[in-house]
Amino acid sequence: MVGNIANNHARDAGSEGRDSTIAALARAGVVVTGTDSIATAVPTAGGDTIGVLGFYTSDSTPDARDTAAVRRFVARAAERYPAVIVTMHLGAEGRDAQRTADAPERFLGIDRGNPVAFAEAAVRGGAAVVVGHGPHVLRAVEWREGGALIAYSLGNLLTYGPFRLREPANRGAVLCATIDRGGRPRNAELRPTQQLAPGVMRRDASARALALIDSLGRLDFPATGARVARSGRLQSRVLNGASSPAAQR
């Protein structure tokens, strides 16, 4: 299990609180990423080691707004590890932030980065999977050139008291994928979740999250957005009557 501390709440209790969080995660056996620009080495059950990098829109962590640096850091990791997974905590928040555009986003007057530009930099650096979080709502999933997979926001999985859990903020999804020997994701699928109350989550039998992500992919990335089957399987767009393994951008 890997925990990304590159986010806007990591220093709510100052540097001392951040350090105590890192120590608590380590005691629980959770590998930490997002502390610096060096990829975290994560051993897998299969005996391989992958690299994981976490980014947030702040100069106190690897800054997601500096896309040239993002590409450089990811490329450095890709030279060392057979697969690199990148997490991004960026973008506007709330029910009005479900759409994804290639433009800087702001929340509470703060520059929260350009998610599409960030993902582009990470993929060109060699990332196999880019996982977004921060908007607190679901967003589109996209297949990129070469087979890389981008989930722009997986919504809320488990939250605590202050968060409002009215639609659509009560919906989330767990992204599952196999990374093949070439460092590319295969057999990718989403498993829909729903929060009933703070800290109370269940698998969502209605699969509402899947329908939302499929619709957002068609709207925001008509050429490359992932098509989400009822089973949760992520498929690329259809080209010339056949399913393409990775839509070209």
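Observations on the model:
- Distance from the stretch 170-218 to the stretch 52-114 (C-alpha centre basis), Å: 20
- Selection among VAL130, ILE179, THR87 by position relative to the dipole of the chain gives ILE179 as farthest towards the positive end (Cβ unit charges, Cα centre).
- The stretch 36-243 - charge dipole about Cα centre, Lys and Arg +1 at Cβ, Asp and Glu -1, debye rounded to 20: 640
- 222 nm mean residue ellipticity, helices alone, for the chain (DSSP H n ≥ 4; -39,500 (n - 2.57); rounded to 500): -6500 deg cm²/dmol
- Listed residue (SER206, THR49, GLN194) projecting farthest to the positive dipole end of the stretch 36-243, Cβ model: SER206
- ³J(HN,Hα) computed for each position of the stretch 189-201 - Karplus, 6.51 cos²θ - 1.76 cosθ + 1.60, integer Hz, glycine/proline x: 8, 10, 10, x, 10, 9, 8, 8, 7, x, x, 10, 10
- Answer label for volume of the Cα convex hull per residue in Å³ (calculated), chosen among [x] 146; [y] 193; [z] 129: [z]
- Charge context of ASP66, other residues only, Cβ under 15 angstrom, K/R +1, D/E -1: +1
- 19 Å cut-off, amide nitrogen to a point 7 angstrom out along ASP102 Cα→Cβ, residues in the stretch 135-163: 140-153
- Amide H contacts for VAL129 (H built 1.01 Å from N in the peptide plane; partners 5 or more residues away or on another chain; cut-off under 5 Å): VAL84, VAL86, LEU149.
Each reported figure results from applying straightforward, stated rules to the coordinates on display, with no laboratory input. Predicted model, so just to flag it, every value in this text is computed and none were measured. Cβ sites come from the backbone with ideal geometry, for glycine too, and all protein chains shown count toward neighbours.
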